Amino acid sequence: PRFTVLRGKSRELVSLQWPDREEPLDALIRGSNSFAVEEVTLYANNHMHGMLADRGHRKDAGNVRIRRVRIRLDRFLGVTGRRFEDWQAEADRRATQKGRVAAIQLGGENIEISDCDIYTSSAYTWGSTLGLIVDRGRGCVIARNRIDGPPRTAVIIKGGRGFIVEDNDIKGGC
């Protein structure tokens, strides 16, 4: 809900894990705007978005704070052999239907994503899973984050102004 903070004692002590599902949820955490997530770890195997908020074209989008959050989204953890190929094909099918999927996707004004540790798995389709998408951000701080994944994991900033992007470690990109 708006004006809500989901905060743990520390990301080392508090974790939320979503059970594996045949059809993944659209997002593990979904908020429209004006919320915060801090000091937690999120785990999921079969996933789409990790955190999803309104995109920047909406007038009231933004005012979202994500601090000291660890995200582990790995749809292939424990999947081997023929089953891996099946899961990979299914992940591609979903990515084709849903478009770009990110560990964190949001937009609007006054966004902060800081001191986070993000890992997200990817499908074959280019851009099918991204570490971060910021859509038309204004007055955004993206600082001291570690964003990792296999090749084709990336960060996308789609327009906007007034960004501070500093001291981030982004690996696994194109």
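The values are calculated or read from the model by the stated rules, or taken from the named source; none is laboratory data. Just so it is clear, the structure is predicted and the values come from calculations on it, not from any experiment. Positions of Cβ are generated from backbone atoms using ideal geometry, with glycine treated the same way; all protein chains shown enter the neighbour counts. Remember, those area values only see protein heavy atoms, side chains included, never the ligands or the DNA or RNA. Shrake-Rupley method; radii C 1.70, N 1.55, O 1.52, S 1.80 Å.
Residue by residue, here is whether (1) closer than 22 Å to Ser32 by Cβ; (2) in contact with a Pro (Cβ under 6 Å, 6 or more places away or on another chain); (3) of a type in the set (Val, Ile, Thr); (4) modelled with pLDDT of 85 or more holds:
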site	(1), (2), (3), (4)
Asn110	yes, no, no, yes
Ile113	yes, no, yes, yes
Arg136	yes, no, no, yes
Arg144	no, no, no, yes
Ile147	no, no, yes, yes
Pro151	no, no, no, no
Val155	no, no, yes, yes
Ile170	no, no, yes, yes
Cys174	no, no, no, no
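Return only the number of the condition from (1) more than 13 Å from Ile71 (Cα to Cα); (2) at pLDDT below 95 that Ala27 does not satisfy.
The failed condition is (1).
Which ones in the stretch 18-34 are among the charged types (D, E, K, R) and in a loop (DSSP other than H, G, I, E, B)? Give the steps one after another, and end with the answer.
Filtering the stretch 18-34 for residues among the charged types (D, E, K, R) gives 20-23, 26, 30.
Within the stretch 18-34, Asp20, Arg21, Glu22, Glu23, Asp26 qualify.
Please work out which one of (1) modelled with pLDDT of 90 or more; (2) assigned to a loop (DSSP other than H, G, I, E, B); (3) of a type outside the set (Val, Ile, Thr) is the condition Arg161 fails and give its number.
Exception for Arg161: condition (2).
Keeping to the stretch 57-93, report how many residues are of a type in the set (Asp, Glu) and at pLDDT below 70.
Within the stretch 57-93, the first condition is being of a type in the set (Asp, Glu), and the residues that meet it are 60, 74, 85-86, 90, 92.
Applying the additional criterion that residues be at pLDDT below 70 yields 85-86, 90, 92.
Residues that pass the stated criteria total 4.
Which condition number in (1) of a type outside the set (Asp, Glu); (2) at pLDDT below 80; (3) open to solvent by 40 Å² or more (accessible area, probe 1.4 Å) is the one that Gly127 fails?
Against the list (1) of a type outside the set (Asp, Glu); (2) at pLDDT below 80; (3) open to solvent by 40 Å² or more (accessible area, probe 1.4 Å), Gly127 comes up short only on (3).
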